[in-house]
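The values are calculated or read from the model by the stated rules, or taken from the named source; none is laboratory data. In this text the structure is predicted, and so the values were computed from the model without any measurement. Cβ placement follows ideal geometry from the backbone for every residue including glycine, while neighbour counts extend to all protein chains displayed.
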Amino acid sequence: MTKKIHTFLHGVASDGSEISRSERNEYERTMARNATALVDTVKGNDVVILHDPQSTGLVSALHAHGTHVIWRSHVGLDQPNDIARAAWDMLRPYLDEAEAYVFSRRNYVWEGLDDSRVHIIPPSIDAFTAKNRDLTNDEVAHILSVARVFEDGKATADIDGSARPVHVERKVHMSGSPIPPEVPIVVQVSRWDRLKDPLGVLDGFVRHIAPKTDGYLVLAGPAATSVRDDPEQPEVLAELETRRTGLPPAIRDRVRIAQLPMEDEGENAIVVNALQRHATVVVQKSLAEGFGLTVAEAMWKARPVVASRVGGIEDQIESGRSGILIEPDDLERFGSEVAALLEDRARAEHLGTEAKARVTREFLTPRHLIKQGRLVLSLIE
Ligand code: UDP
């Protein structure tokens, strides 16, 4: 149900069907249960920030409890369609009592909401978390060895030097053998979701990148076993595995599907961090995207990024300057841009430097917190 809401808000009816009365009843029952648990932990006059569409069903109970409710969403589409409007119509009544609606982009604001409560605050990334903190080249290599992304596995890695040291010991589940540390790699990190188009990335790599370069492709995402709330992800993963298995051996050997361990959040995050830092080129070939945190994360790490001109990605990358934007259905262009960056390292480095500067200016936590802090103050005052 919540997955359906998510894809509807992106303007896509994933299985072509509508949200039924019984699904809606189930949603309301689940939200009522969750709200009961939640009101025990908050007091009247607290400010609660509810994140994303799935949480709309909590607004009313929290409001009745005397809390100030801010609801925020970074999901949306550039041009609304009837599918998205149907989801808005369904969810809007739940939002009546929220005091503020925060959208990450003006284009995502739903029709029919009280405009005086609407605020635009783009998301941000935290430079000091395991996902984004600085790592030396040695630390990157060590983490990727422990995780068995690289050959020559080391047993464990302890990464200190910040408030929260991270211990790495679990292995990435890789289709195919570990990759040699010295080969250039193209990386996409995403949930196994059709809207992230991992199959398109694979096809683009096979047709337009592998024949022209010596690069490898790593598609990374959560371990299938860890995904309990999304029936689509195991399907997409299975399709990818089948597609990979059917490739001619010489190309198959350069494609990896990497399922990252999810048991420990810090460990998962630092493996993502190391993969992004090690990437020669990062791609995000989404068909739809809310903001696209993976893009900001890669840009922060001074990586050259080739990504689709959709949603919040367009707010982040100034094409040709701090990365490259492509049309999401143009596989050939996608391939040629990535291949060109694999060959022209000076240009790749230049794009990466500009990317880092852009994220530093626009998408780090302080800017976000100041805006959010002002909003919170305005409500409690
Ligand atoms: N992510 C992660 N581990 C994974 C796959 C993704 O930590 O195995 C993170 C990724 O680094 C990013 C977030 O999940 O921080 C995904 O956010 P994004 O806005 O890119 O896409 P969403 O999943 O919200 O559509």
Original post:
buried (at least 20 other Cβ atoms within 10 Å of the Cβ), more than 11 Å from the ligand (Cβ to nearest atom), within 25 Å of His10 (Cβ to Cβ) and aromatic (Phe, Trp, Tyr), is that true of Phe205?
Top reply: yes
Among Glu297, Glu241, Glu289, the single one that is within 22 Å of His10 (Cβ to Cβ) and in a helix (DSSP H, G or I) is Glu297
The residue that is farthest from the chain's Cα centre (by Cα), considering only those in segment 323-336 that are crowded, with 24+ Cβ neighbours inside 10 Å and of a type outside the set (A, V, I, L, M, F, W, C), is Gly335
When restricted to Leu364, Leu275, the only residue at pLDDT 95 or above, within 16 Å of the ligand (Cβ to nearest atom), aliphatic (A, V, I, L, M) and surrounded by fewer than 19 Cβ atoms within 10 Å (Cβ to Cβ) is Leu364
Note on segment 114-128: residues more than 23 Å from Arg358 (Cα to Cα) and either buried (at least 16 other Cβ atoms within 10 Å of the Cβ) or touching a strand residue (DSSP E or B) at 6+ places or on another chain (Cβ under 6 Å) (or both) are Arg117, Val118
Checked Ser319, Ser286 against criteria (under 23 Å from Ile209 (Cβ atoms) and touching an Asp or Glu at 6+ places or on another chain (Cβ under 9 Å)); the one match is Ser286
When (1) out of contact with any helix residue (DSSP H, G or I) (no Cβ under 6 Å at 6 or more places or on another chain); (2) more than 9 Å from the ligand (Cβ to nearest atom); (3) part of a loop (DSSP other than H, G, I, E, B) are applied to Gly266, the one that fails is (3)
Subset of segment 306-320, residues within 13 Å of the ligand (Cβ to nearest atom), under 25 Å from Arg133 (Cβ atoms) and among the aliphatic types (A, V, I, L, M), comes to Ala307, Ile313
Taking segment 286-300 and keeping residues touching a helix residue (DSSP H, G or I) at 6+ places or on another chain (Cβ under 9 Å), touching a residue at least 40 places away in the same chain (Cβ under 8 Å) and either hydrophobic (A, V, I, L, M, F, W, C) or away from the ligand (no atom under 12 Å from the Cβ) (or both) leaves Leu287, Ala288, Phe291, Ala296, Ala298, Met299, Trp300
Among (1) closer than 27 Å to Asp78 by Cβ; (2) modelled with pLDDT under 90, Leu50 falls short only on (2)
Do the conditions hold for Arg303, that is, is it more than 10 Å from the ligand (Cβ to nearest atom), over 15 Å from the mean Cα position of the chain (by Cα) and outside any loop (DSSP other than H, G, I, E, B)? no
Across segment 218-228, the tally of residues that are part of a loop (DSSP other than H, G, I, E, B) and away from the ligand (no atom under 12 Å from the Cβ) stands at 1
Given the conditions (1) closer than 19 Å to Gln316 by Cα; (2) away from the ligand (no atom under 16 Å from the Cβ), every one holds for Asp114 apart from (1)
(Q) Given the criteria closer than 26 Å to Asp134 by Cβ, of a type in the set (Lys, Arg), within 13 Å of the ligand (Cβ to nearest atom) and buried (at least 16 other Cβ atoms within 10 Å of the Cβ), does Arg194 qualify? (A) no
Note on segment 179-191: residues more than 13 Å from the ligand (Cβ to nearest atom), in contact with a helix residue (DSSP H, G or I) (Cβ under 9 Å, 6 or more places away or on another chain), part of a loop (DSSP other than H, G, I, E, B) and at pLDDT 95 or above are Pro184
Residue hits (segment 165-191; more than 20 Å from Val12 (Cβ to Cβ), surrounded by 15 or more Cβ atoms within 10 Å (Cβ to Cβ) and of a type in the set (S, T, N, Q)) are Ser175
